[in-house]
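Written out below as structure tokens is the structure these notes cover.
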Amino acid sequence: MKINMLTLPVAENEVDSWLTVLASAAAADLPQLPAPSRTEVVGRLRVPTGRGRAVLWAAEEGAGVAALVLFSDEANRHTAFVDVLAVPARSRRRGVGTALWERVREELVADGRTSVEAMVDLGGAGQAFAESLGFVNVLPMGWYGQELAERPAPAPTTPGYEILTWHGLVPDAWAPAAAAAHGAMEDAPSGDVDIRLEPWTARRLHSVQQLVLDRGGELITVAAVTPEGEVGAYTELVLPDPCGTRALQYDTVVAPRHRGRGLGRAVKLHMAARAAGRYPALRRIATTVADENTPMRTVNESLGYRRERGTAYFQLKL
């Protein structure tokens, strides 16, 4: 089996082949979800991540694809993330996945990495394959989905806080406060995942948000802010394809000293209303939550989120 390494940005024919592989694999494993969006796939294959060096491989004749991110920040130079390893149904049980993994492992060892992570859906072929390679479930999670109502429920008032909505990058004036609020994610459950948190700065926040935009997506942030200029809570919604029917709820965080005031629920309800008004094609919002994150699961369930399937961070020590 010939495995070719691709060079970013990939050629148009390689984008077509990659999309076909992902669509076929998704149809076999997750038939209940919309097919992968070309806009999102093109963005990820044309604009590299800012977190490190991306390495891509494709098996001949569209038999499979793999993508690896080798983190470049000093805190995480020991580890990496398998972003994609997909084989279409017609090519399975022919050693394609194993051949792709061997190339991934060679790259990891050559670069001196001592661990690698992947996000894997539970109960299917991906979990069986990961476990056969020695990967271990280190953070059980779930995918949750919320149907977006035509008339979202009214958002509650937030005495002492103003609700602000930012499309695209958080404004420069608010970026330091927003970055400080992102730092509150440090107490979110992380299991035994070997990825270490980087400090949040205004520059890093803008870099992460700009990547979404550069890849053709759109981003909304809704924040509850104080008169003193502090971000007490925020939530982010990402549309990898602004014309698509499905969006991703990214982080929702309430800073420690602002908890117990219903701010998490408030910013999420404001977000649903903003999204419904701005994106008429949008029908569903999906998010992941760690199984042990009971407070966030409780908030999400009260808003209509329902568990779609299990997923987890899997990790392999090299």
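Things to note:
- The residue of the stretch 271-294 that is nearest to Gly168 (Cα to Cα), among those that are assigned to a loop (DSSP other than H, G, I, E, B) and not hydrophobic (A, V, I, L, M, F, W, C), is Tyr279.
- Leading residue by the ranking (surrounded by the fewest Cβ atoms within 10 Å (Cβ to Cβ)) among those in the stretch 81-114 that are among the small types (Gly, Ala, Ser) and within 24 Å of Lys2 (Cα to Cα): Ala110
- Residues of the stretch 205-258 that are among the hydrophobic types (A, V, I, L, M, F, W, C), within 21 Å of Ala149 (Cα to Cα) and modelled with pLDDT of 95 or more: Leu219, Ile220, Val222, Leu237, Val238, Leu239, Ala247, Leu248.
- Filtering Trp18, Trp57 for residues that are farther than 26 Å from Arg309 by Cβ and aromatic (Phe, Trp, Tyr) leaves a single hit, Trp57.
- In the stretch 190-217, the residue that is nearest to Pro140 (Cα to Cα) out of those that are touching a residue at least 60 places away in the same chain (Cβ under 8 Å) and of a type in the set (D, E, K, R) is Asp192.
- Exactly one residue out of Val289, Val267, Val299 is buried (at least 18 other Cβ atoms within 10 Å of the Cβ), of a type outside the set (Ser, Thr, Tyr), at pLDDT below 90 and within 21 Å of the chain's Cα centre (by Cα), and it is Val299.
Rundown of residues vs (1) out of contact with any helix residue (DSSP H, G or I) (no Cβ under 7 Å at 6 or more places or on another chain); (2) aromatic (Phe, Trp, Tyr); (3) under 30 Å from Leu303 (Cβ atoms), yes/no style:
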{"residue": "Arg92", "(1), (2), (3)": "yes, no, no"}
{"residue": "Ala110", "(1), (2), (3)": "yes, no, no"}
{"residue": "Ser115", "(1), (2), (3)": "yes, no, no"}
{"residue": "Ala118", "(1), (2), (3)": "no, no, yes"}
{"residue": "Gly124", "(1), (2), (3)": "no, no, yes"}
{"residue": "Trp143", "(1), (2), (3)": "yes, yes, yes"}
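- Subset of the stretch 123-136 (residues that are touching a strand residue (DSSP E or B) at 6+ places or on another chain (Cβ under 7 Å), surrounded by fewer than 17 Cβ atoms within 10 Å (Cβ to Cβ) and within 12 Å of Thr311 (Cα to Cα)): Gly123
- Test: residue in the stretch 259-270 that is out of contact with any Phe, Trp or Tyr (no Cβ under 8 Å at 6 or more places or on another chain) and either under 19 Å from Ala175 (Cβ atoms) or in a strand (DSSP E or B) (or both): no
- Every listed requirement among (1) touching a helix residue (DSSP H, G or I) at 6+ places or on another chain (Cβ under 9 Å); (2) farther than 19 Å from His270 by Cβ; (3) crowded, with 17+ Cβ neighbours inside 10 Å is met by Val225 save one, (2).
- Tabulated pairs, the stretch 34-61, first under 12 Å from Ser72 (Cβ atoms) and without any contact (Cβ under 8 Å) to a residue 40 or more places away in the chain, second in a loop (DSSP other than H, G, I, E, B) and among the charged types (D, E, K, R), C-beta under 8 angstrom, 6+ apart or interchain: Arg51/Asp73; Gly52/Asp73
The values are calculated or read from the model by the stated rules, or taken from the named source; none is laboratory data. Since the structure is predicted, the reported quantities are computational estimates derived from the model, not experimental observations. All Cβ positions, even for glycine, are placed from backbone atoms using ideal geometry, and neighbour counts span all protein chains on display.
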